[in-house]
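Undergrad: Quick one: this structure, given as structure tokens, is what I'll be asking you about.
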Amino acid sequence: MTRSRTAVLATCAVVAAGIGFATGTADAGTISGTLYRDPDTAAARWVAANGSDPRAAVIRDRIVSQPSSRWLSNFNVGTVRSEVSGYVGAANAAGQIPVLTVYGITNRDCGGASSGGAPDLTQYQTWISNLAAGLADRTVVIILEPDSIALLTCLSSSELAARNQALRTATRTIKSANPNAKVYLDAGHSGWNSAGDQAGRLVAAGIADADGFYTNVSNFNPTSAEANYGRAIIASLNGQGVTGKRQVIDTSRNGGASGDWCGDDNTDRRIGQYPTVNTGDANIDGYLWVKPPGEADGCRYAAGSFQPDLAYSLASNAPNPPSPSPSVTSSPSSSPSASSSPSSSPSSPPPGPGACTAAYRTTGSWQGGFQGEITVTAGASRINGWTVTWTLAGGQSVSQAWNGVLSTSGSTVTVRNVSWNGGLAPGATAQFGFLASGAASAPGLSCAAA
């Protein structure tokens, strides 16, 4: 995965900062609940594979234990919906709030270390539409396109107008698909553009339709500086008639030295405030770990790659996180049950205790192939894993699956859960998708629980 080079063109002030940690319970902003901790991050996989490494305990206790954002940075029109629905579904099943960083706009990073994205803005909007279709209807936080508004040096006036329109459309598409989605636009950071300039850019990019803006993504500026910057942006927005907007701040690496951005090998960096939506500040909806600690910027190491020495350096001198709050049993708004498929698609029998069902629907089809999605629902007791099997119709073959482990034997297809979506509470769901050749048809499904 690539990551934003947020400050490479900025002149950053060097500010001394201590580490701040929110341990109180005072709510603020517009979000309430518990942020989702993905059990299958790059950091978690490294710790699982390197438990005897002397760095592993520190990385586990101070980084893996915390919620961070999942980045959608690969332009994958055919699979993004299932990727999103699987991740969001896992968070919903845990009664927690997922954070997604959407990073696929055309001419991303102005051709820098994190270049890439959609080939053109028409295809970008298709990608966004498919992404939005996987968001369900509970609270989800969307960090929309880092650097897309603060970094504009490579765009002509016509390209800038097209990008602003693309961001406005993306925001509206996401909010239309899930009215409970919280969408935040790019405001750079406190050492980059002035608050007035940045507010004007946000207005042009459609912040009137969004919930607010984010700052400090992939950067190191102290939380106090970012909060002051955010208040100045809000004041400028208010002066332009755009009211009610709030800030989120990336605190994943801002507990130590500020200054030089390209600091993959800077040992003065520290993790900052632990992630929370209980900010105690009415202007701030969350302190989030948007940039997962330990993932590189593209300077010394490949952008987005997990580096245990970076993670250990960030975490080694930080205090332990506060004790976790009691887990939530439901997310802020209700979600329709996914236990039944469309009437034309058969599902497995109703689940008993410790059992599961599987329901199918076709999500896309074309000459010679189709895309399917299967929803697994736990029965009356918690399950720790699931396996779905079916028999292919004549002329069908499955070439790829996501959010599940695929195997085939003759005409029999088997998909098992991956590490993060196997454990389901009673009635909770997980989804996986697949690509197949042949004519689309609804298979007879069998679901077995572990």
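Undergrad: I'd like the full set of residues that are more than 18 Å from LYS182 (Cβ to Cβ), buried (at least 24 other Cβ atoms within 10 Å of the Cβ) and hydrophobic (A, V, I, L, M, F, W, C), limited to the stretch 209-259.
TA: Within the stretch 209-259, PHE220 is the sole residue that qualifies.
Undergrad: Just to be sure before I move on: is TYR103 among the aromatic types (Phe, Trp, Tyr) and within 20 Å of PHE213 (Cβ to Cβ) in the structure I sent?
TA: Criteria met by TYR103.
Undergrad: Filter the stretch 191-204 down to residues that are closer than 14 Å to SER236 by Cβ and in contact (Cβ under 8 Å) with a residue 40 or more places away in the chain, then give me how many there are.
TA: Looking only at that region, the number is 9.
Each row is one residue, and each column tells you yes or no for (1) of a type outside the set (Gly, Ala, Ser); (2) at pLDDT below 80; (3) in contact with a Leu (Cβ under 6 Å, 6 or more places away or on another chain).
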site: TYR274; (1), (2), (3): yes, no, no
site: GLY280; (1), (2), (3): no, no, no
site: PHE306; (1), (2), (3): yes, no, no
site: PRO324; (1), (2), (3): yes, yes, no
site: SER333; (1), (2), (3): no, yes, no
site: SER337; (1), (2), (3): no, yes, no
site: PRO350; (1), (2), (3): yes, yes, no
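Undergrad: Every residue in the stretch 105-133 that is surrounded by fewer than 24 Cβ atoms within 10 Å (Cβ to Cβ) and assigned to a loop (DSSP other than H, G, I, E, B), please.
TA: Matches in the stretch 105-133: THR106, ASN107, GLY112, ALA113, SER115, GLY116, GLY117, ALA118, PRO119, ASP120, ALA133.
Undergrad: Assess whether THR153 counts as being more than 24 Å from THR126 (Cβ to Cβ) and of a type outside the set (Phe, Trp, Tyr).
TA: Taking the combined requirement at face value, the residue satisfies it.
Undergrad: Which count do you get for residues in the stretch 170-200 that are surrounded by fewer than 22 Cβ atoms within 10 Å (Cβ to Cβ) and either of a type in the set (D, E, K, R) or not assigned by TED's automatic domain parsing to the domain that holds TYR103 (or both)?
TA: Here the count works out to 3.
Undergrad: Would you kindly identify the helices (runs of 4 or more DSSP H) lying entirely within the stretch 1-100 that contain at least 1 residues that are basic (Lys, Arg) and either at pLDDT 90 or above or within 16 Å of the chain's Cα centre (by Cα) (or both)?
TA: 42-49, 80-93
Undergrad: Now a separate question. Taking the residues in the stretch 414-427 that are among the aliphatic types (A, V, I, L, M) and surrounded by 22 or more Cβ atoms within 10 Å (Cβ to Cβ) as candidates, determine which candidate is nearest to GLY354 (Cα to Cα).
TA: Looking at residues that are among the aliphatic types (A, V, I, L, M) and surrounded by 22 or more Cβ atoms within 10 Å (Cβ to Cβ), I get LEU424.
Undergrad: Name every residue in the stretch 285-301 that is surrounded by fewer than 22 Cβ atoms within 10 Å (Cβ to Cβ) and not charged (D, E, K, R), in order of residue number.
TA: ALA296, CYS299, TYR301
Undergrad: Is there a residue in the stretch 407-430 that is modelled with pLDDT under 85 and over 23 Å from LEU35 (Cα atoms)?
TA: Checked against the condition, which is being modelled with pLDDT under 85 and over 23 Å from LEU35 (Cα atoms), the stretch 407-430 yields no hits at all.
Undergrad: Collect the residues in the stretch 405-415 that are closer than 17 Å to LEU392 by Cβ and of a type outside the set (Gly, Ala, Ser), keeping them in residue-number order.
TA: Answer for the stretch 405-415, where residues must be closer than 17 Å to LEU392 by Cβ and of a type outside the set (Gly, Ala, Ser): LEU406, THR408, THR412, VAL413, THR414, VAL415.
Undergrad: Can you tell me which residues in the stretch 417-450 are under 29 Å from the mean Cα position of the chain (by Cα) and assigned to a loop (DSSP other than H, G, I, E, B)?
TA: Of everything in the stretch 417-450, those that are under 29 Å from the mean Cα position of the chain (by Cα) and assigned to a loop (DSSP other than H, G, I, E, B) turn out to be ASN417, VAL418, SER419, TRP420, ASN421, GLY422, GLY423, ALA425, PRO426, GLY427, ALA428, ALA450.
The values are calculated or read from the model by the stated rules, or taken from the named source; none is laboratory data. Being a predicted model, the structure only gives us computed values, none of them experimental. Heads up, the Cβs are rebuilt from the backbone with ideal geometry, glycines too, and the neighbour counts pull from every protein chain shown.
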